[in-house]
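Worksheet for the structure shown next.
Nothing in this text is a laboratory measurement; each read-out follows from the coordinates by a stated rule. Here the structure is a predicted model, which is why all the values come from computation and not from measurement. Methodologically, a virtual Cβ is constructed for each residue, glycine included, from the backbone with ideal geometry; neighbour enumeration extends over all protein chains shown.
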Protein chains: 2
Amino acid sequence: MKLPQLVQTQFLSVQDVASIIHKIGLKTVFTRMAEYIREDYLRWHDFEKCARVANHSKDGVIELMPISDAKSYAFKYVNGHPKNTINGLPCVMAFGVLADVATGIPEFLSELTLSTALRTAAMSAVAAQELARPDSKTMALIGNGAQSEFQALAFHYLLGIEEIRLFDTDPKATEKLIANLKSTALRLTVCSSIAEAVRGADIVTTVTADKTNAAILTAGHIEPGMHINGVGGDCPGKTELHADVLHRSEVFVEYEPQTRIEGDLQHLPADFEVTELWQVLARQAPGRRDADQITLFDSVGFALQDYSALRFMRDAARELGLGQVVSLIPELVNPKDLFVLIHPETQETTEPSPRPNFCAILAAV
Amino acid sequence: MKLPQLVQTQFLSVQDVASIIHKIGLKTVFTRMAEYIREDYLRWHDFEKCARVANHSKDGVIELMPISDAKSYAFKYVNGHPKNTINGLPCVMAFGVLADVATGIPEFLSELTLSTALRTAAMSAVAAQELARPDSKTMALIGNGAQSEFQALAFHYLLGIEEIRLFDTDPKATEKLIANLKSTALRLTVCSSIAEAVRGADIVTTVTADKTNAAILTAGHIEPGMHINGVGGDCPGKTELHADVLHRSEVFVEYEPQTRIEGDLQHLPADFEVTELWQVLARQAPGRRDADQITLFDSVGFALQDYSALRFMRDAARELGLGQVVSLIPELVNPKDLFVLIHPETQETTEPSPRPNFCAILAAV
């Protein structure tokens, strides 16, 4: 006899995700998450992809990002409220679910604020492994906010970056980054302008938060052989790169239809040529071709990375015995009997219970 | 000084929702939920509405249903897997979130399997209060599965229905319903055919689960003055009513663009006239016009009802002190410092920490 399937949802809190990092180390987290992302990108055509669903308001946006293959369904809830920091709140907060496609059971519910920072940095590193010069040692990091330490360490651990050249319009953000990374082996160099930070860097990461069409990087900043990792230009009206930077670069994207709307690519004509990263990973398109080429990863964050992040967090939590079961979905002995959950309540009526009649009896009358 | 806003998510489990029902009684739950639904339907134009986002697979579908006004954002996750009962699992499982539009904080996370059953029945009753004859006493209930008891009791409590005439192709489902409702004041009559159940009924509720284009009700079943509450025909390829039933009725819907795709309406031409229920509630369109008219509520379930259900559950949980805080979103002292959550990990490196350099120094060399 087949055992009844459990309708259980495992919940992973912010503290649980922090515990995973403490227990196995950030280097291992980045390494494994990058592996999960590569695995999933190599199965690109297995996925039912769609644009994210956004509800816009005066000060921000709330989005749902679903994706599925034949086995699993994932979605992420994520907001974007640039003014939140004024009130001491994060600009971006997220959580998500991994569900079983065969039954619809939401099996795994997880925080995704911290996990998104991890997967965004892991994704940037996966792209850079294909697109940056293999001898890259120095990275400029423009924008030293919530995502910056994750970018710095992902590039340190996965690409061997040794020096990070820092710039932010808010010196306190840079101080915070330095305090957070002071115990790592990274050499941290504070710069007084973008031009100074970028000069001579092998990789340039832009991860600023302003919701404006900015031109943080202009063509004058760019040097032959650079790889640009553009992370902060990720929604309509929020860009970081001057159009000339894109014109001078070979541009790579996660999912072209989405990046045309949300990425720095939004300023360019619809026929501007780009390559989807999965093609490079699958060896269907070249990555970097020579040491002088300028490459650009116009990253906006795609649902597939969250699918990978949820899959990794679920597996890591299982291995480490972290997380807890929450009663999100009822467990029923008889699936047609949902009412049993509130049954005692119906005892409230004190009137005598009439016996059920039968139509047959009535019909005979 | 402004106090920092709390980034807290209140979680309401299946047991918590059952507790709310036990504590205040099902009659009060239906009454208040119907009030919340009416309130929100009267603000119809305040809402940003969109079609649900569905990921289809071989055996089912997983959907996200978002909706928002200027204050709150709600979404529901819900699956539909008709074959699940074979494996002892519910066909429909759901949960949802209510978030603050101004900041994006997901403030309230709740089970919605039980709550959906409640809100679906409350919605049916709200529609019937406008569309059924005021002297209605008898309801046929075709389909005695998971939703059936909720329909029976919502109509008992909110419309004064005294007798329910039952039919299901599975006699065990009917037995279960009778066992569940035996302590209520409802008179339950088991019928051996649909025709028998429907004959003479004031209201006919169809709430069957098969994912087929069925014709459970045909024109021959329909009598003048009936109100038909069509609940089970709710996705493409899953209908319950013969087209002639719709042709003979005045048809009311929740949200026309969605019902044209998902409701029994899917078989009718695009110019077949229907009325959105909010118009009736707002007195912008007539409901029932006379005692002989046949009215039909072609219900598919719309995101606005889930918004209402979440709002009610949040308020009821607050009043009763139910639910618990879960760590879904990190609480940060400095919103630009997400890394602080995993900071101790960076201590793992034993190499001496290099002091940060300054570009200015380098430039001077």
Worksheet entry | Highest-MSF residue in chain A out of A:Phe297, A:Phe167, A:Phe47 [GNM, Cα springs under 10 Å] | A:Phe47
Fill in: Inter-copy separations for A:Glu256, label at 7 Å along Cα-Cβ, nm, ascending
3.8
Worksheet, complete the sentence: As straight-line cross-link partners of A:Lys49, the qualifying lysines (C-alpha separation under 20 Å, not fewer than 8 residues apart within one chain) are A:Lys71, A:Lys76, B:Lys58, B:Lys76
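Quote to one decimal, in nm, the extra length available between A:Leu6 and A:Lys71 on full extension: 0.36 nm per residue of separation minus the C-alpha distance between them. Walk me through the numbers on the way to the answer.
Numbers: separation 65, 0.36 × 65 = 23.40 nm, distance 1.70 nm.
Between A:Leu6 and A:Lys71, full extension yields 21.7 nm more.
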Worksheet item: Taking the stretch A:274-341, which trypsin sites (Lys or Arg not before Pro) meet the DSSP loop condition and have no more than 15 other C-beta atoms within 10 Å?
Response: A:Arg283, A:Arg289
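Using alpha-carbon pairs under 8 Å, 6+ residues apart, how would you state the relative contact order of the stretch A:132-302 in percent?
Values: 361 pairs, mean separation 37.9, N = 171.
Value for the stretch A:132-302: 22 percent.
If packing is taken as the average count of other Cβ atoms within 10 Å, what order do A:151-157, A:29-35, B:139-145 fall into, highest mean first? Don't skip to the end; give the middle numbers.
Values: A:151-157: 25.7, A:29-35: 20.9, B:139-145: 27.4.
Averaged packing, sorted descending, gives the order B:139-145, A:151-157, A:29-35.
What GluC sites (Glu not before Pro) in the stretch B:248-286 are in a loop by DSSP, with at most 13 other Cβ atoms within 10 Å of the Cβ?
Numbers: sites: B:Glu250, B:Glu254, B:Glu262, B:Glu273, B:Glu276; in loops: B:Glu254, B:Glu273.
Passing both the DSSP loop test and the Cβ count: B:Glu273.
For the stretch A:222-314, what is the percent of antiparallel DSSP beta bridges, rounded to the nearest 5? Each step should come with its number before you reach the end.
Details: 1 of 10 bridges.
The answer is about 10 percent antiparallel.
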Response to the item:
Here, A:Gln324 and A:Thr31, labelled 7 Å along Cα→Cβ, have an inter-label distance in nm of 3.2
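Once you average over the residues of A:51-60, how many Cβ atoms of partner chains fall within 10 Å of each Cβ? Could you put the intermediate results ahead of the total?
On the way: counts 1, 1, 8, 3, 11, 3, 9, 3, 4, 4.
Average per residue, whole number: 5.
On average, how many beta carbons from a partner chain sit within 10 Å of the beta carbon of a residue in B:94-107? Walk me through the numbers on the way to the answer.
Numbers: counts 4, 7, 0, 4, 0, 5, 3, 10, 9, 11, 18, 6, 7, 0.
Taking the mean over all residues of the peptide, I get 6.
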Fill in: Calculated FRET efficiency for the pair A:Asp135/A:Arg38, C-beta based, R₀ 25 Å, to 0.05
0.70
Worksheet entry | Fluctuation leader among B:Gly287, B:Gly25, B:Gly225 - chain B, Gaussian network, Cα springs under 10 angstrom | B:Gly25
Worksheet item: Pick from B:Asp244, B:Asp315, B:Asp59: which is most flexible by mean-square fluctuation in a GNM of chain B where alpha carbon atoms under 10 Å apart are linked?
Response: B:Asp59
Worksheet item: Which helices of chain B meet both criteria: a Cα extent of 24 Å or more along the helical axis and a mean Kyte-Doolittle score no lower than 0.5, with helices taken as whole DSSP H segments?
Response: B:113-131
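Calculate the mean, over all residues of peptide A:6-17, of how many other protein chain Cβ atoms lie within 10 angstrom of the residue's Cβ.
Working: counts 1, 7, 0, 3, 0, 5, 2, 5, 8, 3, 1, 4.
Mean partner-chain Cβ count within 10 Å for A:6-17: 3.
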Worksheet item: Taking the label point 7 Å from Cα in the Cβ direction, how far apart in nm is B:Asn334 from each other copy of itself, listed shortest first?
Response: 6.0
Worksheet item: In debye, nearest 20: dipole of the stretch A:132-302 around its Cα centre with unit charges on the Cβ of K, R (+) and D, E (-)?
Response: 440
Worksheet item: Under a point-charge model restricted to the Cβ atoms of Lys and Arg (+1) and Asp and Glu (-1), what is the dipole moment magnitude of chain B relative to its Cα centre, in debye to the nearest 20?
Response: 540
Discussion item. Between the stretch A:119-186 and the stretch B:1-71, what is the separation of their alpha carbon centroids in Å?
Written reply: 41
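Determine the gain in length on full extension of the stretch A:Thr169-A:Ile261; use 0.36 nm per residue of separation and subtract their C-alpha separation, reporting nm with one decimal. Please report the intermediate quantities before stating the final value.
Working: separation 92, 0.36 × 92 = 33.12 nm, distance 2.69 nm.
Full extension of this stretch gives 30.4 nm more.
Sorting check: for A:169-175, A:187-193, which peptide has the highest mean count of neighbouring beta carbons within 10 Å, and how do the rest follow?
Peptide ranking by packing, descending: A:187-193, A:169-175.
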Discussion item. If each label sits 7 angstrom from Cα along the C-beta direction, how far apart, in nm, is A:Gln284 from its counterparts in the other copies?
Written reply: 4.8
Worksheet item: Of all DSSP beta bridges located in the protein assembly as shown, what percent are antiparallel, nearest 5?
Response: 50
